[in-house]
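Inspection log for the structure reproduced underneath, given as structure tokens.
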Amino acid sequence: AEITKQAMSLTAITLNGLQIYTLDGVLYFIIYKVFTLLAGVFEKKYRIS
């Protein structure tokens with residue numbers, strides 16, 4: 001939510017909404033991928049058979 005709030009502020013100042021919200025989406029995707037990969041690593045490490 002904080003990333004989106006900053007994107008809204010930057011859009012109001014610079015009027016470059018498309019670029020800013022695209023970067024916002026890319027940042028959220030990167031965060032999602034990192035957490036997904038970490039979850040997979042922890043799942044493999046702590047798997048209960």
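Bear in mind that the values in this text are calculations on the coordinates, not laboratory data. A quick note: this is a predicted structure, and the numbers were derived from the prediction, not measured. Cβ atoms come from the backbone with ideal geometry, glycine included; neighbour counts cover every protein chain shown.
Is it the case that segment 4-14 has a residue that's on the phi < 0 side of the Ramachandran plot, touching a helix residue (DSSP H, G or I) at 6+ places or on another chain (Cβ under 7 Å), of a type in the set (A, V, I, L, M, F, W, C) and touching a residue at least 12 places away in the same chain (Cβ under 8 Å)? Looking through segment 4-14, at least one residue is on the phi < 0 side of the Ramachandran plot, touching a helix residue (DSSP H, G or I) at 6+ places or on another chain (Cβ under 7 Å), of a type in the set (A, V, I, L, M, F, W, C) and touching a residue at least 12 places away in the same chain (Cβ under 8 Å). Pairs meeting the criteria (first residue in segment 22-48 and touching a residue at least 12 places away in the same chain (Cβ under 8 Å), second residue assigned to a helix (DSSP H, G or I) and not polar (S, T, N, Q), beta carbons under 8 Å, at least 6 apart or on different chains) are 23/7; 24/3; 24/7; 27/3; 28/3.
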